[in-house]
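One structure is given here, and the rest of the page talks about it.
The values are calculated or read from the model by the stated rules, or taken from the named source; none is laboratory data. As the structure is a prediction and not an experimental result, all values here were calculated from the model. Because the Cβ atoms are built from the backbone with ideal geometry, glycine has one as well, and the counts that use them run over all protein chains shown. The protein model used for the area step is the full one, side chains on, heavy atoms only, and it has no ligands, DNA or RNA in it. Shrake-Rupley method; radii C 1.70, N 1.55, O 1.52, S 1.80 Å.
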Amino acid sequence: MLSAHVILDDLLTRLLMPVARLAIGRGLGVRDLSDPLKRAFLAVAEQQEGARQTDSRLALVTGLQRRDVVRLRDARPAERLPSAPARLLTDWPEGAATLPRIGPAPSFEALARATSQDIHPRTLLDLLVAAGSVAAEGDDVRLVRRAYVPGGGSPEQLEYLAANLHDHGTAAVSNVLSGAEFFDRAAHYTGFHADQVEDLRALFERRQMEVLREIAQAASAMEGGGPLRARFGGYAYWEDTE
């Protein structure tokens, strides 16, 4: 029977494998992950122990050296806000499949200027077209999907990755450690052929997008101002087991 230490070691190894894959893919090595790992330990300790705890107490809880605690507490990252393209899609008028490209509201130009004063409407349009979120059709802009998922390892895509994995991982860990009841379910099978997986992928994506659109419509109809934030998502993954 495996010891608890061996089981936890294997668990952490598997949890960190996607992080290692991302790091290697971006040309980073183990030493480059030292500070991010330390910051993660410090952030969790501050959440659990309280941000007003002394440096010595946080060093004791995390196993960090006190000088690292002092250094990292003095170097806080800037607050992250949704990107301008993502905000524009969130504010896209409900029920409007297309918008005039230029002109007064409702138009894409007016929506873009209301979203950001720092980014030209043409630049926002190019970003959204490249991401497959909208299509430029003559004098109109057509909404393709109400999601901004840029590719190519762009900063926006990496931020999207970090936000999704953080919240999914936090929900799953909270379920294990504190008996929370965050929804975390998956259907998993083996023995498929490529065309079968494609059929299941198409079904899942279609139904998942229906649910996310329904959530978005319900959320946009609610009054804001509360202290809570929420993220509802889904994922699909497959690989060759051979």
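Structure data summary
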read-out	value
Alpha carbon centroid spacing (whole Å) that separates segment 141-158 from segment 159-222	18
Residue 54 - accessible surface, heavy atoms, 1.4 Å probe, Å² rounded to 10	80
Kyte-Doolittle mean at least 1.0 and Cα axial length at least 20 Å: DSSP H helices in the chain	4-25
Ratio of Rg to Rh over the chain (Cα coordinates, Kirkwood Rh, two decimals)	1.01
Ellipticity estimate at 222 nm from DSSP helix runs (n ≥ 4, -39,500 (n - 2.57)) divided over the chain, nearest 500	-17500 deg cm²/dmol
Cα-only radius of gyration and Dmax that characterise segment 15-81, units Å	13.4, 37
Protein-only accessible surface order, largest first, of 115, 190, 13 at 1.4 Å	190, 13, 115
Accessible-area order (highest first, 1.4 angstrom probe) of the listed residues 73, 39	39, 73
Largest-first ordering by accessible area, 1.4 Å probe, given options 108, 232	232, 108
Normalised contact order of segment 77-151, rounded percent, pairs of Cα under 8 Å and 6 or more residues apart	30
Surface accessible to a 1.4 Å probe, per residue, for the residues of segment 145-205, Å²	76
Carbon and sulfur %, accessible surface of the chain computed with the full protein complex present, 1.4 Å	57
Relative packing of peptides 138-149, 165-176 - highest average C-beta neighbours within 10 Å first	138-149, 165-176
Surface accessible to a 1.4 Å probe, residue 7 within the full protein complex, Å²	100
Relative contact order %, the chain, counting alpha carbon pairs below 8 Å whose residues are six or more apart	8
Amide H within-cut-off set for residue 141, under 5 Å, with H built and near neighbours excluded	99, 101
Segment 70-144: translational diffusion in µm²/s, Stokes-Einstein, Kirkwood Rh over Cα pairs, 10 °C, 1.306 mPa s	119
Alpha-carbon centroid distance for the pair segment 223-242 / segment 1-67, whole angstrom	23
